[in-house]
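For reference, the structure is listed below as structure tokens.
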Amino acid sequence: MKCPFCGYEETKVTDSRNQADANSVKRRRQCLSCEKRFTTFESIDLTIQVKKRDGSFEAFRPEKLISGLDSACRHTRISHDQVLAIASDVATDIMASGVREIDSLKIGEIVMKKLANLDAVAYVRFACVYRRFKDKNDLMSALVDVVE
């Protein structure tokens, strides 16, 4: 860690504390050259890039997933707490896979597997948006998949 006062590259840690979010650490450091003290915050970089259909990338945002799930699950027996749990499971699965980028269609497939076990209507609603059905045969195929 470089000293912000003199630029010297060696410092010592005098105090460390975990932050409330449990994903970062606050450290008090002291420069070994000028002996001035300063504070740093360290956090884990878990940024995962989502490759969109058009080839562009954006950061994975759980709130966007929650919004899509809320729409698909509206007026079904799936509660908002279950939506949050599904989104958390999907995010955990993606992070556990260790990938730094993932295709948006892959995320959709993970979500659809989870919805298929919970509610057929929510599954079909989500599949309609993700798979972009072209005609009724595509929709009927999705319905057959969820009934089996």
Handout entry: Criterion: modelled with pLDDT of 90 or more, closer than 20 Å to ASP93 by Cα and touching a helix residue (DSSP H, G or I) at 6+ places or on another chain (Cβ under 7 Å) - qualifying residue of LYS64, LYS51
Key = LYS51
Practice task
Report whether or not GLN49 is in contact (Cβ under 8 Å) with a residue 24 or more places away in the chain, under 30 Å from VAL129 (Cβ atoms), in contact with a strand residue (DSSP E or B) (Cβ under 9 Å, 6 or more places away or on another chain) and not hydrophobic (A, V, I, L, M, F, W, C).
Solution key: yes
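The values are calculated or read from the model by the stated rules, or taken from the named source; none is laboratory data. For clarity, every value in this text was computed on a predicted model and none was experimentally measured. Quick reminder, even Gly has a Cβ in these numbers, built from the backbone with ideal geometry, and neighbours come from all protein chains shown.
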